[in-house]
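Taking it in order: structure first as C-alpha cells, then the write-up.
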Amino acid sequence: MYAAALKSAPPSHAQVTVSPPRLTLVRDQPAVAAPPPPGGRHLAHVATLLRVLAQHREQGAAAQPGSPSLFLVREEEDAFWELVGLRVRGLPHLLVSAVRFARQAAAGQPHARRSLCHYLCAPPKDLGLSRIARPSHLVELLMPSADETIPEFQARMRAGETPRSMFLDVDSVDYAFDFRTANPSVDRGRLPGNHAPESHLFRTSEGHVLSGMSHGLHAKLHGDQSFVVLRDAVQHGPGGDRVLPTLVLHRRLVSADARLDAEGPAPWLQSVPPFVRSMAHPRFLLAPDARP
C-alpha cells in the first residue's frame with residue numbers, strides 16, 4: 001500500500017498547495033447553561049429542608065414541626081394543604097406536590113394531622129379539590145409548574161389561584177416524606193400496647209443502606225399497611241453519612257431489616273452483608289436518577 005501511494009504521488013517538481021480549513025471565530029458569546037430538568041427547580045426546596053434538618057439534629061433542638069413557610073401551602077377552616085415529596089416509579093426525579101390533610105385538634109400544634117404513613121395506607125376519599133368518587137388507592141395532588149420554584153408555587157396557592165391537580169396511585173410510590181422537622185401526628189404512630197419505634201437498619205432493593213427509628217417490617221401500624229416509617233433517617237454510603245427526612249417507604253422497597261442494639265449501625269456497616277458500607281449504593285437517595 002505504501003509503494004502504491006509513492007507511485008501515485010505527484011512529481012517532485014509539481015507544486016501542491018493545501019489550503020487550511022477556514023475557521024469562524026465567535027467572540028464574546030455568553031455561556032448558555034443547560035436548562036434544568038422538568039421539576040428540577042423544585043429540588044432546591046428539598047435542599048433547604050435537608051439543611052434545616054441537619055442543623056436541627058446537630059443542635060439537638062426540641063421536636064418542633066419547623067417553620068410553616070417550609071411545609072405549608074394553603075390554609076382552610078378544617079384542613080390545610082402541605083408539601084410532600086414522593087419518589088414515584090417511572091420518574092427519574094422527586095415529585096414535589098401539595099396534599100390536603102384534615103386538621104386535628106392538638107394543644108400548641110396549629111397544623112396537627114394524622115401521619116403521612118396513615119394517609120398513604122388509607123387515603124381519604126373526601127379530601128381534595130375533586131369531589132368525584134374514586135378508588136381508595138388514589139390520592140389527589142396539587143402540582144407546581146415545572147418552571148417555578150416551590151416558594152412561588154406557595155405564593156400562588158395562598159393568593160387563591162386554582163392549581164393543576166392530578167390523581168396518583170399510592171402503590172406507585174416508592175417512598176414519601178413531608179417538609180417538617182418533627183412528626184406532626186397526634187397519635188405519634190404508636191402500636192397497640194404503647195410499643196414505641198426502635199432503632200433499625202434497612203437495605204433497599206436499590207442498594208441504599210438506611211438507619212433510623214422504626215417499627216420495622218414485622219409490625220403494621222394501620223391494618224393492611226403497605227408502607228413502613230423510618231424516622232430520623234440517615235443514609236450510609238461509601239462516602240459517608242447523609243441526613244434524610246422521616247421516610248415513608250413502600251414495603252417492596254425494603255429488602256432487608258435488622259434491629260439494632262446500643263452499638264448502633266457501626267458493627268453492621270463494617271462486617272455484616274448486605275449492610276457493609278462499601279456495598280451500599282453510592283448515590284444520595286433524594287438525588288435525581290439515584291436508582292442503580
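The values are calculated or read from the model by the stated rules, or taken from the named source; none is laboratory data. Just so it is clear, the model here is predicted, and its values are computed rather than measured. Cβ: placed from backbone, ideal geometry, glycine included. Neighbour counts: every protein chain shown. Surface areas here come from the heavy atoms of the whole protein model, side chains and all, with no ligands, DNA or RNA. Shrake-Rupley method; radii C 1.70, N 1.55, O 1.52, S 1.80 Å.
Say whether the condition of being at positive phi, touching a residue at least 24 places away in the same chain (Cβ under 8 Å) and assigned to a loop (DSSP other than H, G, I, E, B) is met by at least one residue in segment 232-251.
no
Limited to segment 120-173, what total is found for residues that are at pLDDT below 90 and hydroxyl-bearing (Ser, Thr, Tyr)?
So the count comes out to 4.
Pull out all pairs, ordered by first then second residue, where Cβ-Cβ is under 7 Å, the residues are six or more apart or on different chains, the first lies in segment 253-269 and is more than 12 Å from Val209 (Cβ to Cβ), and the second is outside any strand (DSSP E or B) and among the small types (Gly, Ala, Ser).
Hits for this filter: Leu253/Ser205; Arg259/Gly216.
If you take the residues of segment 92-108 that are open to solvent by less than 60 Å² (accessible area, probe 1.4 Å) and free of Cβ contacts under 8 Å to residues at least 40 places away in the same chain, which of them is farthest from Leu247 (Cα to Cα)?
Ala102
Please verify whether segment 91-99 includes one or more residues that are modelled with pLDDT of 90 or more, assigned to a loop (DSSP other than H, G, I, E, B) and under 24 Å from Arg251 (Cα atoms).
Looking for residues that are modelled with pLDDT of 90 or more, assigned to a loop (DSSP other than H, G, I, E, B) and under 24 Å from Arg251 (Cα atoms), one finds at least one in segment 91-99, hence yes.
If you go through segment 59-84 one residue at a time, how many are modelled with pLDDT under 80 and more than 17 Å from Val99 (Cα to Cα)?
Summing the residues that are modelled with pLDDT under 80 and more than 17 Å from Val99 (Cα to Cα) in segment 59-84 gives 7.
To keep it simple, each residue is scored yes or no on (1) open to solvent by 50 Å² or more (accessible area, probe 1.4 Å); (2) modelled with pLDDT under 95; (3) not aliphatic (A, V, I, L, M).
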position: Ala219; (1), (2), (3): no, yes, no
position: Val229; (1), (2), (3): no, yes, no
position: Asp232; (1), (2), (3): yes, yes, yes
position: Gly239; (1), (2), (3): yes, yes, yes
position: Pro245; (1), (2), (3): no, yes, yes
position: Leu260; (1), (2), (3): no, no, no
position: Val272; (1), (2), (3): no, no, no
position: Arg277; (1), (2), (3): yes, no, yes
